[in-house]
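This report refers to the structure that appears directly beneath it.
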Amino acid sequence: MPEPSSQKSRGAVAGTGMGGTMDLAAGEAATLERVPGGPAGGGPDSRPRSLWSDAWRDLRRNPVFLISALVILFLVFISIWPAAITSGNPLDCDLAKAQDGPAPGHPFGFDGQGCDVYTRTVYGARTSVTVGVCATLGVALLGSVLGGLAGFFAGAWDAVLSRITDVFFAIPVVLGGLVLLSVVTSNTVWPVVGFMVLLGWPQISRIARGSVITARQNDYVQAARALGASPARLLLRHIAPNAVAPVIVVATIALGTYISLEATLSYLGVGLKPPSVSWGIDISAASPYIRNAPHALLWPSGALAVTVLAFIMLGDAVRDALDPKLR
């Protein structure tokens, strides 16, 4: 017999899961029928999340990432606009103030040439960040392309590239810098960046090669190949997005290494040279006066250490967020 309309408006009948039924109020029935996430049956939490969205969610909750990101943002800011926190000129020096300690307007004191240590430390961030970012981008681009092609096509291309990579791995980085940069007369950052790209791409290439080899064996790649996808589409649309995570992690950590390498080469006198402003140059100039003016060595060394540590911490946080085994 059809149920009266008045009864339909007052309640509903639901199965108990044991062969029986029970009466529900209209509000309770509507609650059971409503899909979690909103009236439309879907909300922000009901949508499937990708690896990148999960990684970003984890990074936002990681204090290591937040602290290192704030430090790096500050370094980028003073690299672009150093005049925002200092009004001095890093090349203005007064020998009468050589090795003097902190003074009003000069919180870090003066170095052996009478230059303001605070101003030179601020302007030195521009060189370090520029070298680190440019070298990392060049290494990541060149290494990813060569390693990705070797891992995708394999065969003779992979064999030749592997032997070339072994040759570059056998070159000591510092010794190679002493040999190659000692004959360069340019006083810009580009010879240093070019040297780092020349000797740094094999590491990224080997990482990219392994990631591509692993990704091309997945079922979705085999299915796309069976459907007639071209090699370019397979590599760019299906393999590269799923193989780039390890490259990003290694490149982020390597950025701090390249900053440290630039300071090392400048300290040895084959990297940047005066009148360029670099933390490595300032550390080298302050080393003979470490007993009389330790402040001239302390501040650029501390800035270099904090910068390298920030990028390494950022790389560790990104690695933890992108590694599915840690979830």
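The values are calculated or read from the model by the stated rules, or taken from the named source; none is laboratory data. What you see is a predicted model; the values in this text were computed from it and never measured. Note: ideal-geometry Cβ built from the backbone for every residue, glycine included; neighbour counts use all protein chains shown. For the accessible areas, the whole protein counts, side chains as well, though only heavy atoms, and no ligand, DNA or RNA atoms are used. Shrake-Rupley method; radii C 1.70, N 1.55, O 1.52, S 1.80 Å.
Points to keep in mind about this one:
- Over the range 159-204, the hull volume per residue, using the convex hull of the C-alpha atoms, is 74 Å³.
- Label-point separation, residue 145 to residue 273 (7 Å along Cα→Cβ), nm: 3.2
- The slack between residue 113 and residue 218, meaning 0.36 nm per residue of separation minus the straight C-alpha distance, is 31.6 nm.
- Cα→Cβ-extended label distance, 7 Å offset, between residue 291 and residue 162, nm: 5.7
- Residue 305 versus residue 182: modelled label distance in nm, points set 7 Å from Cα along the beta carbon direction: 3.1
- Amide hydrogen neighbours beyond the local backbone of residue 115, cut-off 5 Å, H modeled: 94
- Remark: the range 300-315, residue by residue, has Karplus-estimated 3J(HN,Hα) of x, 5, x, 4, 5, 5, 5, 5, 4, 5, 4, 6, 5, 4, 4, x Hz, where x stands for each Gly or Pro and the curve is 6.51 cos²θ - 1.76 cosθ + 1.60 at θ = phi - 60°.
- Ranked packing of 208-221, 78-91, 241-254, most packed first, by mean Cβ within 10 Å: 241-254, 208-221, 78-91
- Diffusion coefficient, µm² s⁻¹, Stokes-Einstein with Kirkwood Rh over alpha-carbon pairs of the range 275-323 at 37 °C and 0.692 mPa s: 265
- Normalised Debye scattering of the range 51-176 at q = 0.14, 0.17 Å⁻¹ gives log10 I(q)/I(0) of -0.89, -1.00, counting only Cα atoms as equal scatterers and leaving out solvent.
- Accessible area ranking (1.4 Å probe, heavy atoms, ligands and nucleic acids excluded), largest first, for 149, 314: 149, 314.
- Potential extension, residue 175-residue 96 segment - 0.36 nm per residue separation minus Cα distance: 24.6 nm
- Expected-Rg normalisation [2.2 N^0.38 Å, Cα atoms] applied to the range 203-327: 1.57
- ³J(HN,Hα), Karplus 6.51/-1.76/1.60, whole Hz, each residue of the range 195-207, x for Gly, Pro: 5, 5, 5, 4, 9, x, 5, x, 5, 5, 4, 5, 5
- Calculated from backbone phi, Karplus (6.51, -1.76, 1.60) coupling profile of the range 112-119 in Hz, x at Gly/Pro: x, 9, x, 8, 5, 5, 4, 5
- Histogrammed with a bin width of 5 Å, the alpha carbon distances of the range 114-258 distribute as 2, 9, 16, 17, 16, 13, 9, 7, 5, 3, 2, 1, 0, 0, 0 percent, first bin at zero.
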